[in-house]
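Scroll down for the structure; my scribbles are underneath it.
The values are calculated or read from the model by the stated rules, or taken from the named source; none is laboratory data. Worth saying up front: this structure is predicted, and the values here are computed from it rather than measured. Don't worry about glycine lacking a Cβ; one is built from the backbone with ideal geometry, like all the others, and counts go over all protein chains shown. Side chains included, ligands, DNA and RNA excluded: accessible areas come from the protein's heavy atoms. Shrake-Rupley method; radii C 1.70, N 1.55, O 1.52, S 1.80 Å.
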Amino acid sequence: MDDLLAPLERRLALIEDELAIQRLLASYGPLADAGLGQRAAALWTDDGAYDPGGVSRAEGRTALVEIYHGERHQSLIQRGSMHMTAPAQISLHGDRAEAVGYSVLALNAGNEFKLLRASINHWILARTEQGWRIVERVNRVLDGSAEAQALLEHADRS
């Protein structure tokens, strides 16, 4: 009987890992838009990094919290921002994973929302004692640049 269950247990473990990663990535936007900087930064490992492109790279929890509590981010959420992460393509490698997917940033403009940024993201993730966490997120605007194209190509390798 164990010979029959082992493959199913492995498949279930992979499904659970993918679901945990999708939930982690989906939780980012509501935390960021609520201004919950500590909780948003806790999605990363202690030494995690976020490279949004166009601004400086944040490395470590303190730097990540500073992004969410900073004037630029606070002005967005005070005007009504929506950070949304689309479902990502995930590639599992034991206790490490990669994910590639889109994200958008929209801002309330009265009776409608205006799209401020549409991006491609490449995440590197690790399983920790607290569950899956982001080790690094690289985000580039979909502007046809070589950098954005390189991140798009990660989806083909996942």
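Looking at segment 31-58 only, could you name the residues that are touching a residue at least 12 places away in the same chain (Cβ under 8 Å), within 15 Å of the chain's Cα centre (by Cα) and not in a loop (DSSP other than H, G, I, E, B)? Selection gives 31, 32, 33, 37, 40, 41, 44, 45, 48, 49, 50, 51.
Okay, residues lined up against (1) at pLDDT 95 or above; (2) open to solvent by 20 Å² or more (accessible area, probe 1.4 Å); (3) in a strand (DSSP E or B):
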position: 63; (1), (2), (3): yes, yes, no
position: 75; (1), (2), (3): yes, yes, no
position: 107; (1), (2), (3): yes, no, yes
position: 110; (1), (2), (3): no, yes, no
position: 118; (1), (2), (3): yes, yes, yes
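Annotation note: of 79, 137, the sole residue that is under 15 Å from the mean Cα position of the chain (by Cα) and of a type in the set (Lys, Arg) is 137.
Note on segment 43-57: residues that are closer than 23 Å to residue 129 by Cα and touching a strand residue (DSSP E or B) at 6+ places or on another chain (Cβ under 8 Å) amount to 7. The combined condition, being in contact with a Leu (Cβ under 8 Å, 6 or more places away or on another chain), outside any helix (DSSP H, G or I), over 16 Å from residue 87 (Cα atoms) and of a type outside the set (Asp, Glu), is fulfilled by residue 140.
Every residue, every condition in (1) surrounded by 13 or more Cβ atoms within 10 Å (Cβ to Cβ); (2) closer than 26 Å to residue 61 by Cβ, yes or no:
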| site | (1), (2) |
| --- | --- |
| 85 | yes, yes |
| 95 | no, yes |
| 103 | yes, yes |
| 113 | yes, no |
| 130 | no, yes |
| 134 | yes, yes |
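Exactly one residue among 106, 63 is under 17 Å from the mean Cα position of the chain (by Cα) and more than 18 Å from residue 138 (Cα to Cα), and that residue is 106.
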